[in-house]
Amino acid sequence: MKRALAEANPDAPDLAGALNNLSVRLGAVGRPVAGLTAIQEAVTIRRTLAEANPDLFEPAL
């Protein structure tokens with residue numbers, strides 16, 4: 001669901017936040033590689049958002 005919403009509105013940071021939360025939870029259940037993949041995707045999204053609007057999105061990066 002979040003991916004579909006993010007594709008419809010790529011300026012929304014919701015997917016990055018969800019991936020961040022997923023990363024933490026995956027790490028907590030002993031799946032650090034999957035958690036790393038999720039957080040890397042979140043960082044990529046946040047970097048893209050920060051390039052487009054640094055004042056709004058750099059603090060989250």
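Values quoted throughout were computed directly from the atomic coordinates according to the rules given, and no laboratory measurement underlies them. Every value quoted in this text rests on a predicted model; they were computed, and no experiment measured them. When we count neighbours, we look across all protein chains shown, and the Cβ atoms used for this are built from the backbone with ideal geometry, even at glycine.
Tell me, what HN-Hα J-couplings in whole Hz come from the Karplus equation 6.51 cos²θ - 1.76 cosθ + 1.60 at θ = phi - 60° for each residue of the range 15-28, using x for Gly and Pro?
My calculation for the range 15-28 gives 5, 4, x, 5, 5, 4, 4, 4, 4, 4, 5, 4, x, 5 Hz in order.
7 Å from Cα along Cα→Cβ at both residue 25 and residue 55: what's the point-to-point distance in nm?
Taking the simple label geometry, residue 25 and residue 55 are separated by 3.5 nm.
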